Amino acid sequence: MPDTSQCRVCSGTVEQFFDFGRQPLADAFVTPGRTGEEFFYRMAVGACRTCTMVQLMEEVPRQHMFHEDYPYVSSGSTVMRAHFEKTAERLLDTELTGPDPFIVEFGCNDGIMLKTLADRGIRHLGVEPSGGVADMAAAKGIRVRKTFFEESVARDIVAADGHADVIYAANTFSHIAYVDDIFRGVRELLAPTGVFVFEDPYFLEIVQRTSFDQIYDEHFYFFAVRSVQEMAARHGLELVDVERLQVHGGEVRYTLAHPGARTPSPAVAELLAEEEARELTHPDTLRGFGESVEGTRERLLALLRRIRDEGGRVVGYGATAKSSTVINYCGIGPDLVSFICDTTPAKQGRLTPGLHIPVREPKAFADPYPDYALLFAWNHADEIMAKEREFRQAGGRWILYVPEVRVV
Ligand SMILES: [Zn+2]
């Protein structure tokens, strides 16, 4: 396998810095008895020598990932619901202030953010290719188009609804390899003084916390301020604001505008300076990240094997997409984690992709409590540990692996 590829943003050379080997699709939960039909690909990450964008070395065709049965539902977490309500309120206060503002969200999922705006009578449109979650949004009274966002779709929206004051995307833009088409669509759709706001996992956090489980097929790019600034400039937009967010294990919210339309906030230069001080995409930094990932694997496997050999029982908590990378890269099978409990009905009764750990409903967790719970949904640790207080009281212990392997 070649260890370079062509950058999807600038056509420069992407140099590989870590190879996770053969991986299944992170959200492709398997029906028992159909385990022979899984799709695998080689998952490796690299950084562009020219524009610094961190990206997967191989792209997975999008229809394999975002389809009728796509199981991730945004509204599952109380913390995320609060986050998106706050986001909507902020947009109402700062951007959606004109006489008849219009917002378009691509990857609107089940409408978790647009619901607040729809309730206030704001003109809106969600664009969502995954049919099941798009139907959930429609059922909440949200206007939604079941399609991928691209230039032709943007043109249709302008014809029907006019230009958008805000184009918003949460945990979506970094999923999309074909940025050229997205940017042409955004430039077409965005009003002259409008903003394109998106939030995605922050590569600096991934490196600092060794949260390598953010790397899976659906996340094609791993954004940072420098790479987003270059990408925006290359595509005729300007990065005018950045804000760090605590959700999903550490994200940044980026605000782009037409060049010269807004005065860039000092936050852009500040965060850029931090990335430079930490030499975020220097080959030594990236090599160090790889070594940390290997260290996590060794320590986590040693812990799980020790517990098994001592007769302890471990159950996984949260069959997240992120868990797929941990399970398949580390090689954690049902001999080490007997099952994973998860609130998503579409995952229950199925097997995790690749190594086939059964997924069961949440009530299985307490029936009876295991000795240890491996917290795959670590980004919701506070919310989950508060909810499962009785597990700790019954003597159970949590296993975490970000930023390091530990038992609490
Ligand atoms: Zn590049």
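If we keep just the residues of region 33-51 that are in contact (Cβ under 8 Å) with a residue 40 or more places away in the chain and part of a loop (DSSP other than H, G, I, E, B), which is farthest from the ligand (Cβ to nearest atom)?
Step by step, filter region 33-51, then rank; the result is Glu38.
How many of the residues in region 359-408 are open to solvent by 40 Å² or more (accessible area, probe 1.4 Å) and assigned to a loop (DSSP other than H, G, I, E, B)?
Of the residues in that region, 10 qualify.
Return the total of residues in region 172-202 being of a type in the set (Phe, Trp, Tyr) and within 19 Å of Glu243 (Cβ to Cβ).
Looking only at that region, the number is 4.
Please enumerate the residues belonging to region 114-128 that are open to solvent by 10 Å² or more (accessible area, probe 1.4 Å) and either part of a strand (DSSP E or B) or touching a residue at least 40 places away in the same chain (Cβ under 8 Å) (or both).
Matches in region 114-128: Arg123, His124.
Go through Gly162, Gly131, Gly111 for me and flag whichever is touching a strand residue (DSSP E or B) at 6+ places or on another chain (Cβ under 9 Å), open to solvent by less than 10 Å² (accessible area, probe 1.4 Å) and of a type outside the set (Phe, Trp, Tyr).
Gly111
Among the candidates Val54, Val30, which residue alone is open to solvent by less than 40 Å² (accessible area, probe 1.4 Å) and either more than 16 Å from the ligand (Cβ to nearest atom) or over 14 Å from Asp217 (Cα atoms) (or both)?
Val30
Filter region 73-106 down to the residues that are closer than 14 Å to Val166 by Cα, in contact (Cβ under 8 Å) with a residue 60 or more places away in the chain and in a loop (DSSP other than H, G, I, E, B) and list them by number.
Scanning region 73-106 gives Glu95, Leu96, Gly98, Pro101.
Tell me whether region 330-337 contains one or more residues that are of a type in the set (Asp, Glu), open to solvent by 10 Å² or more (accessible area, probe 1.4 Å), in contact with an Asp or Glu (Cβ under 9 Å, 6 or more places away or on another chain) and in a loop (DSSP other than H, G, I, E, B).
No: zero hits.
When the residues of region 7-26 are narrowed to those that are closer than 30 Å to Gly349 by Cβ and open to solvent by less than 20 Å² (accessible area, probe 1.4 Å), which ends up nearest to the ligand (Cβ to nearest atom)?
Phe20
Matching residues to (1) within 16 Å of the ligand (Cβ to nearest atom); (2) not hydroxyl-bearing (Ser, Thr, Tyr):
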{"site": "His219", "(1), (2)": "no, yes"}
{"site": "His235", "(1), (2)": "yes, yes"}
{"site": "Tyr254", "(1), (2)": "no, no"}
{"site": "Arg262", "(1), (2)": "no, yes"}
{"site": "Pro266", "(1), (2)": "no, yes"}
{"site": "Arg278", "(1), (2)": "no, yes"}
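Against the definition (loosely packed, with under 15 Cβ neighbours inside 10 Å and hydroxyl-bearing (Ser, Thr, Tyr)), how does Thr343 come out, yes or no?
yes
The values are calculated or read from the model by the stated rules, or taken from the named source; none is laboratory data. A quick note: this is a predicted structure, and the numbers were derived from the prediction, not measured. We place every Cβ from the backbone using ideal geometry, glycine too, and count neighbours over all the protein chains shown. Remember, those area values only see protein heavy atoms, side chains included, never the ligands or the DNA or RNA. Shrake-Rupley method; radii C 1.70, N 1.55, O 1.52, S 1.80 Å.
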